Amino acid sequence: MKKNFRLMAVAVALLTCFTANAQEMNSLMFRAGVKSPELKNDSVTFRFVAPKARTVAVSASWLGYDPSKLPMTQDQTGVWSVSVPQPSPELYTYNIVVDGVTMLDPSNVFVQRDGSRYMNAFLVRGDFADLYAESSKAGDVEHVWYYSAENDMMRRMYVYTPAGYDPSNKSVKYPVLYLLHGGGGDEDAWSTLGRTCQILDNLIAAGKAKPMIVVMPNGNPNQYAAQTLGIPVKENVKKYNSNFDNYSSLVADILPYVEKNYNVIKNRKGRAVAGLSMGGGQSFFIAFQNVDVFANVGIFSSGLIGSAAIGGAPFDAEALFPGMYSAPQKFNRFDVIYLACGEQDNRIDGMLDFKKKLDANGYKGVVWEQYPGAHEWKVWRRNLTSFVQLIFK
């Protein structure tokens, strides 16, 4: 029986915690029976043991990470706590702020990393957020090292394979989504913050998405892998046109590796590329530079397309790709062009303008979606959920 990488990792981590670290488990916090966060009766309660602290607060994502909005009070045993109504279904992150110092909640082992920032997390189940929970039919995630000839580097990417994938069964071929992170992220971002594996597991099990392989590479050309591995960046890499038109390695290095080592469909109908923010700009260039390679593209909250609102030059697709509007037949070949943005994201006007120009020039397969939220993961998880249900039909 094929073993599930994610579930095994959780089991090993828990076993290690309850054996090798038994001494730490006998700390004051656990003797006091502290549980944090506790979701119960439509409320969520945070607790933190700090007898000598002067102020303690929760810095929560749904409150804009403003600790003044969620101060905690201390009881006679030194335990600080605060209870609030549960926010609506979603995956949330938070930190504890003790006397002005931001730290993790030591009672909560659910930790996520966004670049160099670590946060605790918890899931409020219900509605679409149920897709972010573990599925009984879980796929696998591999951490794969591959050679990138473009900058002469061994680099790491994450590869999701759906439940039932059998590498020995060459008769079953899967489409591939190449999924790119944003600025400050790395190959871990989409699987951890984006809940990509859980979303795909649940949608595939429900018959709402085609079984597919998802490749999550590191889109920073000078990084061998995530900074958590402690590998210094490479100082001398290829000079690129911009911070968005800088990932030709995906087609030159990653795609051939995937098509050699996995059972995949080797034509444009079986390939998609998508990304958020920086990765959305990279996806724009990758897709429109390679219309013979990809049939589907997803662009989420692109800093390239919405650049004018964040201090950049106005986005001009015709200048970047002559003929984009004046002679669109060359580029109007995609099955899906998915564009999305958060309603409170200042990039939305540029994204909407691009969508309207594609429509005005007769582009097919254009899909627009917007969700409440700013430039944040709760929007991009929804984008991914929608996009994977549209492609490979």
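The numbers here are math on the coordinates, done by the rules we state, and not lab data. Please read these numbers as outputs of a predicted model, since none were measured by experiment. Positions of Cβ are backbone-derived with ideal geometry, glycine not excepted, and every protein chain shown enters the neighbour counts.
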Using amide H atoms built in the peptide plane, which far-off residues or other-chain residues are under 5 Å from VAL44 H to H?
VAL84, GLN86
Sort 339-347, 201-209 by the packing proxy (mean of other Cβ within 10 Å over each peptide's residues), most packed first.
339-347, 201-209
P(r) histogram, all alpha-carbon pairs of the chain included - 20 Å bins from 0, percent:
26, 55, 19, 1
Fraction of antiparallel bridges per DSSP, the chain only, in percent to nearest 5:
65
Phi-derived 3J(HN,Hα) across segment 45-60 with the Karplus relation (6.51, -1.76, 1.60, θ = phi - 60°), rounded Hz, x for Gly and Pro, is 10, 9, 9, 8, 8, 7, x, 9, 6, 8, 9, 9, 8, 9, 9, 10
Would you mind checking which residues have amide H under 5 Å from ARG347's amide H? H placed 1.01 Å from N; only 5 or more apart, or other chain.
none
Taking only the Cα atoms of segment 117-262, how large is their convex hull per residue, in Å³?
130
Order of 174-183, 247-256 by packing, highest average Cβ count within 10 Å first?
174-183, 247-256
Where does helix 278-289 land angle-wise versus the long Cα axis of the chain, in degrees 0 to 90, nearest 10?
20
Once each part is reduced to its C-alpha centroid, what is the distance from segment 300-368 to segment 212-278 in angstrom?
22
For the chain, with a Gaussian network of springs between Cα atoms less than 10 Å apart, report the residue from TYR158, TYR65, TYR92 with the top mean-square fluctuation.
TYR65
Just how large is the dipole of the chain about the Cα centre, in debye to the nearest 20, putting +1 at every Lys and Arg Cβ and -1 at every Asp and Glu Cβ?
860
Take each of the peptides 275-283, 232-240, 300-308, 131-139, average the number of other beta-carbon atoms within 10 Å over its residues, and list them starting from the highest.
275-283, 300-308, 131-139, 232-240
Report the Cα centroid-to-centroid distance between segment 156-194 and segment 74-114 in angstrom, as an integer.
31
Among ILE199, ILE310, ILE286: highest mean-square fluctuation, GNM of the chain, C-alpha pairs under 10 Å
ILE310
Can you list the residues, at least 5 places off or on another chain, whose amide H is less than 5 Å from the amide H of MET72, using H built in the peptide plane?
VAL56, ALA57, VAL58
Those lysines that a straight Cα-Cα span of less than 19 Å connects to LYS269, excepting residues fewer than 8 apart in one chain
LYS170, LYS173, LYS208, LYS210, LYS260, LYS330, LYS364, LYS393
Please list the radius of gyration and Dmax for segment 30-124, considering alpha-carbon atoms only, with Å as the unit.
12.5, 38
From the backbone phi of segment 226-237, what are the Karplus-calculated ³J(HN,Hα) couplings (6.51 cos²θ - 1.76 cosθ + 1.60, θ = phi - 60°) in whole Hz, Gly and Pro given as x?
3, 5, 5, 7, x, 8, x, 5, 7, 6, 10, 10
Which residue fluctuates the most in the chain, going by a Gaussian network model with Cα springs under 10 Å, if the choices are THR161, THR228, THR45?
THR228
Each residue of segment 90-105 in order: what ³J(HN,Hα) in whole Hz does its phi give by Karplus 6.51 cos²θ - 1.76 cosθ + 1.60, θ = phi - 60°, with x for Gly and Pro?
4, 9, 10, 10, 7, 9, 9, 10, 10, 6, x, 9, 7, 8, 7, 7
